[in-house]
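Undergrad: First the structure, then my questions, so here it is.
Only the coordinates and a few stated rules stand behind these numbers; no lab work does. Note that the coordinates shown come from a computational prediction; the quantities given were computed from them, not determined experimentally. Heads up, the Cβs are rebuilt from the backbone with ideal geometry, glycines too, and the neighbour counts pull from every protein chain shown.
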Amino acid sequence: MIMAKCNIQNNIRKLRFHNDEMTQQQLADKTGVTRQTIVAIENGKYSPTLELAFRISREFGLPLDEVFSFEPEE
């Protein structure tokens, strides 16, 4: 089975910058994951679980759909 490219886009890098230039490590610590997980999500290499997506959104004080968006394949 071949995995399709991740269609979940995110604004994490921009949001970190606008939140006192939060580092990937700081976000990882606040959401209970590794920095490598945050890197992979930011780069579109990994789709977060729904729970993690909510935790990330909560850290920025934003609704889920302002942090993540889904682009269906054509």
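Undergrad: Could you give the dipole magnitude of the chain about its Cα centre, charging the beta-carbon of Lys and Arg +1 and that of Asp and Glu -1, in debye to the nearest 20? If you can, show how the numbers build up before the last one.
TA: Details: 9 positive and 11 negative charges, 53 e Å.
In debye, rounded to 20, the chain gives about 260.
Undergrad: Could you grab the relative contact order for the chain? Cα pairs under 8 Å, six or more apart, rounded to a whole percent. Each step should come with its number before you reach the end.
TA: Details: 69 pairs, mean separation 31.6, N = 74.
Across the chain, relative contact order equals 43 percent.
Undergrad: Which ordering of Glu66, Glu42, Glu73 is given by a fewest-first count of other beta-carbon atoms within 10 Å? Working shown, then result.
TA: Working: Glu66 12, Glu42 17, Glu73 6.
The most exposed by this proxy come first: Glu73, Glu66, Glu42.
Undergrad: Let me spell out the model: positive unit charges on the Cβ of Lys and Arg, negative unit charges on the Cβ of Asp and Glu, origin at the Cα centre of segment 4-43. What dipole size does that give, in debye rounded to 20? Could you put the intermediate results ahead of the total?
TA: On the way: 6 positive and 4 negative charges, 32 e Å.
That gives segment 4-43 a dipole magnitude of about 160 debye.
Undergrad: I would also like to ask the following. Which residue, Ala28, Pro48, Leu64, has the largest displacement toward the positive end of the dipole of the chain when charges sit on each Cβ (Lys, Arg +1; Asp, Glu -1)?
TA: Of the candidates, Ala28 comes out farthest on the positive side.
Undergrad: Right, something else. Say we join alpha carbon atoms closer than 10 Å with springs in a Gaussian network model of the chain; which of Asn43, Asn11, Asn19 then has the biggest fluctuation?
TA: For the chain, modelled as a Gaussian network with Cα springs under 10 Å, the answer is Asn19.
Undergrad: Continuing with the same structure: Extending each Cα 7 Å along its Cβ direction at Glu71 and Thr23, get the distance between those two points in nm, one decimal.
TA: If labels sit at Glu71 and Thr23, their model points lie 3.0 nm apart.
Undergrad: For the chain, what does the helix formula give at 222 nm: sum of -39500 (n - 2.57) over DSSP H segments with n ≥ 4, over the residue count, nearest 500 deg cm²/dmol?
TA: Taking each H run of at least 4 residues, the total per residue is -13500 deg cm²/dmol.
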